[in-house]
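K.L.:
Attaching a single structure in structure tokens format; questions to follow.
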Amino acid sequence: MKRLFLFACCLAWFAASAAVAADAAPAGNLAAAQIVEKNVAARGGLAAWRAVNTMTMSGQMDAGGKQDTKLPFVMTLKRPHKSRLEIRFQEQTAVQVYDGVRGWKVRPFLGRDEVEPFTPAEAKSAAAWEELDGPLVDHVNKGIKVELVGTEPVEGKTTYKLKLTAKSGEIRNLWVDAASFLEVKIQGEPRRMDGKMRDVAIYYRDYRTVQGLVVPHVLETTVKGFKETRKITIQTVTVNQPQQDSLFAKPQLAMAKTPAR
């Protein structure tokens with residue numbers, strides 16, 4: 001979903017509605033505000049998302065390599081703006097946390113047995129895009145401006161291309177299915193590979209209902225110019241399980257070495 005440490009993710013979790021899909025207007029006939037309204041309705045409705053205080057997802061993510069290694073992960077999100085990601089590999093656990101203001105990471109896979117602060121770019125991105133319910137729900141209160149760019153085909157679907165501008169001034173594009181009004185694709189954070197900055201895209205797939213919300217259970221990240229992709233497969237989703245704020249504080253190395261839950 002972007003870099004292996006999600007949140008990148010900016011992660012957005014979305015819901016479907018057959019009634020809304022059946023009532024979809026032809027592409028090009030709606031304004032940005034109408035598309036957002038239909039998107040929120042399709043994802044379960046504004047009231048349903050506002051009732052979510054925490055969300056925990058677990059599953060596996062591709063690590064690549066000759067053996068196509070898959071790593072177990074646990075991602076926990078808490079309002080208003082907290083996140084924690086744990087990834088387990090060879091009896092080691094990588095951790096990335098964001099307390100709403102500051103972020104830290106522990107990356108033993110890279111031989112870095114220390115707690116590192118977010119880089120300025122990572123902190124800026126987290127502040128702009130890491131939201132439990134994605135960028136479109138309550139976007140005005142989040143300070144995200146939404147503009148309709150036009151329509152584009154994405155994997156055989158007609159989609160609305162939306163331009164999102166965060167309070168920080170960062171811009172990302174988001175593609176919404178013109179039939180179901182669910183997100184199909186979002187622009188990820190560019191990566192430097194082979195000495196060049198490469199465009200990144202995250203595709204949302206396999207929507208399933210979880211307590212009235214329909215959440216994508218597969219997120220596939222692509223990098224322009226590379227055939228290999230990375231998938232995150234979500235196996236379980238838990239909503240409103242109590243989570244202590246201490247979970248999102250600066251990690252201690254002893255905690256980082258414990259197995260992911």
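K.L.:
What are the semi-axes of the equivalent ellipsoid for the stretch 18-256, taken as the square roots of 5 times the Cα gyration tensor eigenvalues, largest first, in whole Å?
P.N.:
Working: eigenvalues 179, 87, 65 Å².
Ellipsoid half-lengths, sorted descending, are 30, 21, 18 Å.
K.L.:
Right, another one. Of ILE202, ILE171, how do they rank once you tally other Cβ atoms within 10 Å and put the fewest first?
P.N.:
Fewest to most other Cβ atoms nearby, the residues stand as ILE171, ILE202.
K.L.:
Tell me which aspartates and glutamates have Cα within less than 19 Å of LYS227's Cα, excluding those fewer than 8 residues away on the same chain?
P.N.:
Those aspartates and glutamates meeting the cut-off are ASP62, ASP68, GLU155, GLU189, ASP194, ASP199.
K.L.:
Identify all aspartates and glutamates with a Cα-Cα distance to LYS161 below 14 Å; exclude those on the same chain that are fewer than 8 residues away in sequence.
P.N.:
List returned: GLU147, GLU152, ASP177, GLU183.
K.L.:
Report the FRET efficiency, 1/(1 + (r/R0)^6), for THR69 and LYS163, where r is their Cβ-Cβ distance and R0 is 35 Å, rounded to 0.05. Write out the running numbers ahead of the final one.
P.N.:
On the way: r = 36 Å, r/R0 = 1.04.
The formula returns an efficiency of 0.45 here.
K.L.:
Sticking with this structure for a sec: Could you check the spin-label model distance between ALA31 and ASP194? Points 7 Å from the Cα along Cα→Cβ, value in nm.
P.N.:
Label-label distance for ALA31 and ASP194, simple model: 4.5 nm.
K.L.:
With Kirkwood's inverse mean 1/r over C-alpha pairs for Rh, give me the Rg to Rh ratio of the stretch 169-254, two decimals please. Walk me through the intermediate numbers first.
P.N.:
Values: Rg = 16.6 Å, Rh = 15.8 Å.
Value, to two decimals: 1.05.
K.L.:
Explain nothing, just the number: relative contact order of the stretch 18-256, from Cα pairs under 8 Å at least 6 residues apart, as a whole percent. Spell out each step's value before the answer.
P.N.:
Details: 481 pairs, mean separation 53.3, N = 239.
Once normalised by length, the contact order is 22 percent.
K.L.:
May I pose another question? Which residue, chosen from PHE109, ASN53, ILE87, occupies the Cα position most advanced towards the positive end of the dipole of the stretch 41-163, where the dipole is computed from +1 (Lys, Arg) and -1 (Asp, Glu) charges on Cβ about the Cα centre?
P.N.:
ASN53
K.L.:
Then there's this: Please give every one of the lysines within straight-line cross-link reach of LYS167, meaning a C-alpha to C-alpha distance under 24 Å, and leave out same-chain neighbours fewer than 8 residues apart.
P.N.:
LYS2, LYS38, LYS78, LYS82, LYS124, LYS142, LYS145, LYS185
Coordinate-derived values only; no laboratory data. What you are looking at is a predicted structure, and each value in this text was computed from that prediction instead of being measured. So basically every Cβ, Gly included, is an ideal-geometry build from the backbone, and we count neighbours across all protein chains shown.
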